[in-house]
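Asker: Structure in structure tokens, see below.
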């Protein structure tokens, strides 16, 4: 996942919210009053899980790591652990090295860019552990997040020269993996073999095992597509699925059924989606699917579409699949769903934590309708304990 280039201006200054490795919990995004007669959007909380502060991925395509690490941070809090900001750029660095290996093994026939998926964070956590952001900010002095694009171009140039050589990547005499690691070091800084956290030294794997204490096998990722059978695993057919992961394919209505159940039982959701719709507004903190297509709206309707609740389109699996097949829905952003609210008309909305800083109507959060989630979800990842038992049974799990 990555956010589209038209959205890059939304990145703000890179900032940190870490003090002694601990993060202050977010105070929440819900309005202090709820007026059922109001003509503007009014939201009242139903469920809201604890989350670490909103961060800013800047002008980079690393939303998948920021959002899913935020998800893991909420998992730690839910289990009574410390509110630690994990380093999203440590995950990014580990993933980019693995992506480079796959690029060479695929003879360069692999989408190369900054994007990734929620499962990449889980896979890197399982393999390489975790580091608090205070111990690995992930950018060398003078380097900004926007510079990661130049880093990826430099890596690709090296990989293309390797591919053109035509030898087995593991026996190549030019040490291409070391060369890629050197490029990563130049931009992101070298990864410490060990680091201090609250007076004790840890390696990344020790920190994951002893402090984070999350089991990677607890997390399940879902997709929903009509071109492969439901209740079987299928490949997530998006360019940023560089690891070729297969996920559980479920009916569209089970997307929101699982998300609702997770939130109602204290779990949160790592969410992949498309944010290219005209009815997605970062500035206003609102995303929904209006009944009337945007192209058919009057100029007045377009300028007032984020002022109050509007009737929404009924989403069907066929409509959803068509949007994938014509590229109207693409895999372009990852966020973190932490709760449910209702507007003044009683309509449910998901409370969504973003990673574009705090400069919008809800200090870095959005309210997203169920119709939008059913229509625009590309994938989502949850704790297996946050899945209804009858759905777990269909997956052959308990």
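Asker: Which percent of the Cα-Cα distances in the stretch 98-230 go past 25 Å? It would help to have the intermediate numbers written out before the result.
Answerer: Values: 3718 of 8778 pairs.
Across the stretch 98-230, Cα pairs with separations above 25 Å total 42 percent.
Asker: Right, something else. Can you sort 231, 176 from fewest to most other Cβ atoms within 10 Å of each residue's own Cβ? Don't skip to the end; give the middle numbers.
Answerer: Values: 231 13, 176 20.
If I rank by nearby Cβ atoms, fewest first, I get 231, 176.
Asker: Sticking with this one: State, to one decimal in nm, how far the label point of residue 105 lies from the label point of residue 304, with both points 7 Å from Cα in the Cβ direction.
Answerer: In this crude spin-label approximation the distance works out to 5.7 nm.
Asker: Which of the three applies to the stretch 281-342, rounded, prolate or oblate, going by the alpha-carbon gyration tensor with a ≥ b ≥ c and a/c under 1.5 meaning rounded?
Answerer: Numbers: a/c = 1.65, a/b = 1.12, b/c = 1.47.
Judged from the Cα gyration tensor, the stretch 281-342 comes out oblate (a/c at least 1.5, b/c at or above a/b).
Asker: Okay, helix-only estimate at 222 nm for the chain: each DSSP H run of n ≥ 4 adds -39500 (n - 2.57), divide by all residues, round to 500 deg cm²/dmol; what do you get?
Answerer: It lands at -9000 deg cm²/dmol.
Asker: Note down the nm distance, to one decimal, between modelled labels 7 Å out along Cα→Cβ at residue 218 and at residue 46.
Answerer: In this crude spin-label approximation the distance works out to 2.5 nm.
Asker: With an 8 Å cut-off on Cα pairs and a minimum separation of 6 or more residues, tell me the relative contact order of the chain in percent. Walk me through the numbers on the way to the answer.
Answerer: On the way: 778 pairs, mean separation 95.0, N = 398.
Averaging sequence separation for qualifying contacts and normalising by length gives 24 percent for the chain.
Asker: Between residue 79 and residue 398, what length comes free when the chain is fully extended (0.36 nm per residue of separation minus the Cα-Cα distance, one decimal in nm)?
Answerer: Details: separation 319, 0.36 × 319 = 114.84 nm, distance 2.02 nm.
Extending this stretch completely gives an extra 112.8 nm.
Asker: What fraction, in whole percent, of alpha-carbon pairs in the stretch 252-310 exceed 19 Å separation? It would help to have the intermediate numbers written out before the result.
Answerer: On the way: 788 of 1711 pairs.
Here the long-distance tail beyond 19 Å is 46 percent of all Cα pairs in the stretch 252-310.
Asker: In percent, what relative contact order does the stretch 71-166 have, based on Cα pairs under 8 Å that are 6 or more apart in sequence? Mind showing how you got there, number by number?
Answerer: On the way: 63 pairs, mean separation 36.4, N = 96.
Relative contact order, the stretch 71-166: 38 percent.
Asker: Something else: State log₁₀ I(q)/I(0) for the stretch 325-398 at q = 0.11, 0.15, 0.24 Å⁻¹ as given by the Debye formula over alpha-carbon point scatterers of equal weight, solvent excluded.
Answerer: Debye curve over Cα of the stretch 325-398, log10 I(q)/I(0) at q = 0.11, 0.15, 0.24 Å⁻¹: -0.39, -0.70, -1.18.
Asker: What is the gain in length, in nm to one decimal, between residue 389 and residue 190 on full extension, counting 0.36 nm per residue of separation less the C-alpha to C-alpha distance? Kindly include the intermediate steps, with their values, before the conclusion.
Answerer: Values: separation 199, 0.36 × 199 = 71.64 nm, distance 4.38 nm.
Length difference between fully extended and current span is 67.3 nm.
Asker: Can you sort 359, 333, 119, 107 from fewest to most other Cβ atoms within 10 Å of each residue's own Cβ?
Answerer: Values: 359 13, 333 27, 119 24, 107 10.
If I rank by nearby Cβ atoms, fewest first, I get 107, 359, 119, 333.
Asker: Oh, and also: Give the calculated FRET efficiency between residue 321 and residue 359 to the nearest 0.05, with a Förster radius of 22 Å applied to their Cβ-Cβ distance. Display every interim value, and only then the final one.
Answerer: Numbers: r = 35 Å, r/R0 = 1.59.
After rounding to 0.05, the efficiency reads 0.05.
Asker: The chain: Rg/Rh from Cα coordinates, Kirkwood Rh? Before the final figure, lay out the partial values.
Answerer: Details: Rg = 21.0 Å, Rh = 21.8 Å.
That ratio is 0.96, to two decimals.
Asker: Over the Cα atoms of the stretch 237-279, compute the convex hull volume and normalise it per residue, giving Å³.
Answerer: Working: hull volume 5.3 nm³, N = 43.
Given the Cα convex hull of the stretch 237-279, per-residue volume reads 123 Å³.
Asker: Would you kindly give the portion of the calculated P(r) for the stretch 45-99 that falls above 16 Å, as a percent of all Cα pairs? Before the final figure, lay out the partial values.
Answerer: Details: 692 of 1485 pairs.
Looking at the stretch 45-99, the distances longer than 16 Å represent 47 percent of pairs.
Asker: In which sequence would 63, 94 go, from the one with the fewest C-beta neighbours within 10 Å to the one with the most? Walk me through the numbers before you get to the answer.
Answerer: On the way: 63 27, 94 24.
In order of increasing Cβ crowding within 10 Å: 94, 63.
Asker: Further question on the same structure: Which whole number in µm²/s is D for the stretch 248-367 by Stokes-Einstein, with the Kirkwood Rh taken over Cα pairs at 10 °C and 1.306 mPa s?
Answerer: Numbers: Rh = 15.6 Å.
Approximately 102 µm²/s, per Stokes-Einstein.
Asker: Taking R0 as 25 Å, what FRET efficiency do you get between residue 206 and residue 233 from their Cβ-Cβ distance, rounded to the nearest 0.05?
Answerer: Values: r = 32 Å, r/R0 = 1.29.
The calculated FRET efficiency here is 0.20.
Asker: Rounded to the nearest 5, what is the percent of antiparallel bridges among the DSSP beta bridges in the chain? Kindly include the intermediate steps, with their values, before the conclusion.
Answerer: Values: 43 of 47 bridges.
Just about 90 percent of them are antiparallel.
Read-outs: derived from the displayed coordinates by stated rules, not from any lab. Values in this document were obtained by computation on a predicted structure and should not be read as measured data. Reconstructed Cβ throughout: ideal geometry from the backbone, glycine too, with neighbour counts over all protein chains shown.
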